[in-house]
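Written out below as structure tokens is the structure these notes cover.
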Amino acid sequence: MIAIIMTAIIMINSICYTNIKTDYFVCPCRIIVWISFFQIIIYILSCLLSENLTVPNVDVLMFLGATYGPSVKQGELWRLLFPIFLHANWWHLIINIICILNLGLVIETKYKKKRFLLIYFLSGFIGNTLTIICNPCQLAVGASTSGFGLIGCSIMEIFLAWKNLSKKAQNYYMFNICIFLVFFLFVSFSPTVDFFGHIGGFVCGAFLACHYNKFLGYDIFQECLHYGFASICALIIFYLPLRLFILNMPCEFV
């Protein structure tokens with residue numbers, strides 16, 4: 001699913017970083033390269049544990065930390081973060097790595113390592129948390145929650161720089177954003193897509209883009225976006241205990 005969205009987002013991404021040195025090469029000094037490397041290693045490990053060289057089985061993914069509501073309710077909070085290192089198959093892994101490398105190299109260049117790590121991991125955490133809240137019986141894995149955090153960050157930078165764009169540029173990027181939204185809505189109805197995880201990651205990435213660029217000076221609309229996204233992220237975090245311990249969770253892992 002994220003492969004289709006990348007066709008739109010790669011075009012969108014360039015405007016945000018035109019004033020930054022474009023040394024977006026893959027090298028061991030990049031945090032995102034190491035993250036991708038560990039994802040490959042963990043995927044190979046999951047296949048070996050499954051005694052299958054192509055696809056890990058559900059039991060192994062569960063053992064390694066897939067998101068699953070009842071397990072999180074039992075105190076296994078690492079399941080809110082570990083799934084960003086797990087993948088369901090080779091295609092799932094490759095597409096996610098393409099996404100996070102395309103966007104991650106650029107975003108890491110601008111925000112540097114510490115801020116980039118916060119965008120990446122907090123987006124994954126918020127995305128997986130929203131999955132637990134909205135769909136606790138779904139077993140979810142994949143780096144796409146973090147990937148959508150990078151997408152949210154990239155798109156939000158366009159809106160933050162909106163007043164500095166020419167009318168032609170505004171029309172061009174608005175067209176591409178509409179393509180992104182159409183593709184996203186079209187593929188979100190697939191039962192294998194973690195829709196809520198993607199939304200949560202996107203919102204978190206958008207919030208952090210607003211937070212890190214406050215020095216630009218915001219108008220009222222941009223301020224509303226900043227505090228709106230921040231409020232949604234806070235609500236997701238504070239609502240989790242209610243979802244886990246008060247509301248009914250009618251599912252059990254078999």
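Only the coordinates and a few stated rules stand behind these numbers; no lab work does. Bear in mind that the values here come from a model prediction, so they are computed numbers and not experimental data. Here the Cβ positions follow ideal geometry from the backbone for every residue, glycine too, while neighbour counts run over all protein chains shown.
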Dipole magnitude (debye, nearest 20) for the chain, charges at Cβ of Lys, Arg, Asp, Glu: 780
Summing -39500 (n - 2.57) over every DSSP H run of at least 4 in the chain, dividing by its residue total and rounding to the nearest 500, the 222 nm mean residue ellipticity is -23000 deg cm²/dmol
Considering the chain as a Gaussian network with a 10 Å cut-off on Cα pairs, which listed residue, ASN102, ASN57, ASN171, attains the greatest mean-square fluctuation? ASN171
If each part is reduced to its alpha-carbon centroid, the stretch 191-239 and the stretch 86-108 end up apart, in Å, by 21
Relative contact order (%) - the chain, alpha-carbon pairs under 8 angstrom, separation at least six: 25
When the gyration tensor of the stretch 2-245 is built from Cα positions, what are the square roots of 5 times its three eigenvalues, in whole Å, from largest to smallest? 30, 21, 16
Largest fluctuation, PRO136, PRO191, PRO241 only, Gaussian network model of the chain with Cα springs under 10 angstrom, belongs to PRO191
Selected from CYS47, CYS27, CYS134 as most flexible by GNM, with the chain as the system and alpha-carbon contacts under 10 Å: CYS27
From phi via Karplus (6.51, -1.76, 1.60), per-residue ³J(HN,Hα) for the stretch 97-107 in Hz, x at Gly/Pro: 5, 4, 5, 5, 6, 4, 8, x, 4, 6, 5
With Cα coordinates, the longest principal axis of the chain makes an angle with the long axis of helix 195-212, in degrees rounded to 10, of 40
Relative contact order of the stretch 34-90 (C-alpha contacts under 8 Å, at least 6 apart) in percent is 35
List nothing, just return the count: lysine pairs in the chain, 8 or more apart or interchain, with Cα separation under 24 Å. 13
Would you please give the residues with an amide H less than 5 Å from that of THR67, counting only those at least 5 places away or on a separate chain, with H modeled from the backbone geometry? ALA140
Extending each Cα 7 Å along its Cβ direction at ILE40 and ASN52, get the distance between those two points in nm, one decimal. 2.3
